[in-house]
Amino acid sequence: MTIKELEDRSGMNRSNIRFYEREGLISPQRHDNNYRDYSEEDLQQLLRIRLLRSLELPLEEIRALQRGEKELDLALQEHLRTLEQQEQALQCSQQVCRDIRRDGARYETLDARHYLDAMQTPAGAPASVPEKDTVPRVRSPWRRFFARRFDLMLYGSVWIILGLLLLQKSPATEQGGAWFDLTFFISVLMMLLFEPLFLCTWGTTPGKWLLGLRVTNNTGQKLDYSEGIYRTFQALWSGAGFFIPIVEIFRGYQRYYDCIEGKTMAWEWDSELVLQDEKNWRIAAVVGGIIAQFALILLCGLFISRPVHQGDLTIAQFAENYNRQAKIREFECWLDENGRWTDYPRPDGGVVIHMHDIDPPDFVYTEEDGLMTGLSFSLSVEGDQDSMLPLFTNRRLLAVYAYVQAFDPTPLSTKEIDAVVQSMADDPFTPASHTIHGVRISWQLEHSGYYEIDSMDCLWPQEEETPQCAMIFTIEKVS
């Protein structure tokens, strides 16, 4: 039978049962999955223990009876003598209390020696009350909650960092909510896989370790992997409802009060949560750990956003820088090694469909000794047009990151470049010029017969007008 069934049939709670198991008074069998199987004999042993402990027979005596080292009649005879001595001592204590009250004694003038002499008890009387046969439970609901949340956040951080370094993109932000949901799902899956590994090798998890918690089995040893899986699964389902929004709130509310009242959690029937200490530095360590995770994600994001090549660039190196920025930002524009537009290599093998009829003009490069000194991107339209005219904003902004960032002396910050790019993106119709990191960026646009469509970064021809447009974007090294 399970420990829950044994609890119901024996009238003892789980802490009592585990205490007697730890003391070696019962020895349940274990199945291949390491789960305990309590027998009818274990039940009878517990009932005998319950009876004799309710009579305050010491555990040492019960252990001797189990081993056949003492007969029950002799043990009860000796225990009865002890109880009679205790009863005499209690009667004596009661009488002394009455005498002190009768004499009208005050604490400041109490003649303690007189009354101590009256309290002499028979030799060999017990000097202490019977011990409580229970394993103390760790309550601390908030400490439990934040330990698990820290671990969940840690797994999510590992996933995000892997996405940044291996995929060169952030799985937490890509494609909005879908990737956020996937990140959360992966975090829970990683917890199911790795938390049991932590418990069977380390005896705790990073979050529990920081908050002074560890997990043992009923005998005080580390859990094995199967026990760890069972504990983690039950904790995620019964304790957090696998973080399903409404279910999580309901389960969390229930478990909070169960923990406060000292009830057994569903995931702790065969394990024990131990609180090592409550030192103040542990709270600071958790906060520091959270800050460190955010800092590491930020650093990884800055690392992958850096150009592949820095300093003076060849056209081929500029193209590599450009393509890396396009991949990071998921802009579907791509350059070949000669700096000319080519098909974007979509992972699904599909073809990029453009929403306009005008092909983007190629970059025109200027070189000196085989190294780029600048580039230009221009378009001139005059005459009848019946379709929108795109400004190709994304292609121009990628060029700024690919070229200007190669000369950025602050590798851990793109603040200045981001400010220039943001100003160009916010107002794509106004001519502007910026010089940053020794590179001049300029944008010129003149047009007539067009409406400016801010939401689409494009020009739309006016009816009965002859549209004309001349635009040029240049990047040139000035020092």
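The values are calculated or read from the model by the stated rules, or taken from the named source; none is laboratory data. A quick note: this is a predicted structure, and the numbers were derived from the prediction, not measured. Every residue, glycine as well, gets a Cβ built from its backbone with ideal geometry; the counts of neighbours run over all protein chains shown. To get the accessible areas, we keep the full protein, side chains included, count just its heavy atoms, and leave off ligands, DNA and RNA. Shrake-Rupley method; radii C 1.70, N 1.55, O 1.52, S 1.80 Å.
Please arrange Glu465, Glu476, Glu108 by accessible surface area, largest first, computed with a 1.4 Å probe and ligands excluded. Can you show the working numbers first?
Numbers: Glu465 95, Glu476 75, Glu108 135 Å².
Ranking Glu465, Glu476, Glu108 by accessible area, largest first, yields Glu108, Glu465, Glu476.
List every residue whose amide H lies under 5 Å from the amide H of Met372, counting only residues 5 or more places away in sequence or on a different chain, with H placed 1.01 Å from N in the peptide plane.
Leu313, Thr314, Ile315
What's the center-to-center distance, using Cα atoms, between segment 1-59 and segment 73-101 in Å?
31
With θ set to phi - 60°, apply the Karplus curve 6.51 cos²θ - 1.76 cosθ + 1.60 along segment 257-266 and write out the HN-Hα couplings as whole Hz, x wherever there is a Gly or Pro.
6, 4, 5, 4, 7, x, 6, 7, 6, 4
At a probe radius of 1.4 Å, what is the per-residue accessible area of Ser27, in Å² to the nearest 10?
Per-residue accessible area (Ser27): approximately 90 Å².
I'd like to check one number: the per residue accessible area of the chain, probe 1.4 Å, reported in Å² as a whole number. Display every interim value, and only then the final one.
Numbers: 26760 Å² over 479 residues.
That works out to 56 Å² for each residue.
Express the relative contact order of the chain as a whole percentage, based on alpha carbon pairs under 8 Å and six or more residues apart in sequence.
Numbers: 622 pairs, mean separation 49.2, N = 479.
Relative contact order here is 10 percent.
Just how much of Asp408 is accessible, in Å², when a 1.4 Å probe is used and the result is rounded to the nearest 10?
Asp408 exposes around 10 Å² with every protein chain in place.
Can you compute the charge dipole magnitude of the chain about its Cα centre, using +1 on each Lys and Arg Cβ and -1 on each Asp and Glu Cβ, nothing else charged? Give it in debye, rounded to the nearest 20. Before the final figure, lay out the partial values.
Working: 47 positive and 70 negative charges, 624 e Å.
Its charge dipole is roughly 3000 debye.
Only helical DSSP H runs with n ≥ 4 go in: add -39500 (n - 2.57) per run for the chain, normalise by residue count and round the 222 nm mean residue ellipticity to 500 deg cm²/dmol.
On the way: 15 runs with 220 residues, N = 479.
Helix contribution divided over all residues of the chain: -15000 deg cm²/dmol.
Rounded to a whole number, what % of the accessible area of the chain do carbon and sulfur atoms account for, probe 1.4 Å?
Values: 14850 of 26760 Å².
In the chain, the share of accessible area belonging to carbon and sulfur is 56 percent.
Could you list which residues have their amide H under 5 Å from that of Leu223, counting only those 5 or more apart in sequence or on another chain, with H placed in the peptide plane?
Asn217
Loop only per DSSP, at most 13 neighbouring Cβ atoms within 10 Å: give me the trypsin sites (Lys or Arg not before Pro) in segment 27-79, ordered by residue number.
On the way: sites: Arg30, Arg36, Arg48, Arg50, Arg53, Arg63, Arg67, Lys70; in loops: Arg67, Lys70.
Qualifying residues, ordered by number: Arg67.
Fully extended, how many nm does the chain gain between Tyr107 and Ser423 (0.36 nm per residue separation, minus their Cα-Cα distance)?
Working: separation 316, 0.36 × 316 = 113.76 nm, distance 8.44 nm.
105.3 nm is the gain from fully extending Tyr107 to Ser423.
Starting from segment 214-291, pick out the trypsin sites (Lys or Arg not before Pro) whose DSSP state is loop and whose Cβ has at most 14 other Cβ atoms within 10 Å.
Values: sites: Arg214, Lys222, Arg231, Arg251, Arg255, Lys263, Lys279, Arg282; in loops: Lys222, Lys263, Lys279.
Answer by residue number: Lys279.
Counting other Cβ atoms within 10 Å, keep those with at most 14, restrict to DSSP loop, and tell me which GluC sites (Glu not before Pro) in segment 1-36 are left. Before the final figure, lay out the partial values.
Values: sites: Glu5, Glu7, Glu21, Glu23; in loops: Glu23.
In loop regions of segment 1-36 (DSSP not H, G, I, E or B), the sparsely surrounded GluC sites (Glu not before Pro) are Glu23.
Kindly sort Leu445, Leu110 by accessible area of their heavy atoms, largest first, with the probe set to 1.4 Å.
Heavy-atom accessible area, descending, gives Leu110, Leu445.
Based on Cα coordinates alone, diagonalise the gyration tensor for the chain, multiply each eigenvalue by 5, take square roots, and list the semi-axes in whole Å, largest first. Walk me through the intermediate numbers first.
Working: eigenvalues 1277, 126, 77 Å².
Here the semi-axes work out to 80, 25, 20 Å.
Determine ³J(HN,Hα), in whole Hz, for all residues of segment 51-57 in sequence, where each value follows from phi through the Karplus function 6.51 cos²θ - 1.76 cosθ + 1.60 and θ = phi - 60°; x replaces Gly and Pro.
Ordered by residue, 3J(HN,Hα) equals 5, 5, 6, 5, 8, 6, 6 Hz.
In whole Hz and in residue order, list the ³J(HN,Hα) couplings for segment 419-424 that follow from phi through the Karplus curve 6.51 cos²θ - 1.76 cosθ + 1.60, θ = phi - 60°; x for Gly and Pro.
5, 5, 4, 5, 5, 5
D for segment 255-328, whole µm²/s, Stokes-Einstein with Kirkwood Rh over alpha-carbon pairs at 37 °C and 0.692 mPa s: what number? The partial results should precede the final answer.
On the way: Rh = 17.6 Å.
Using the Kirkwood radius from Cα pairs, D works out to 186 µm²/s.
Residues with amide H under 5 Å of Tyr451's amide H, sequence separation 5 or more or different chain, H placed in the peptide plane at 1.01 Å from N; which?
Trp460, Gln462
What does the charge count near Ser93 come to, summing +1 for each Lys or Arg and -1 for each Asp or Glu among other residues with Cβ under 12 Å from its Cβ?
Working: positive: Arg98; negative: Glu87, Asp99.
Local net charge: -1.
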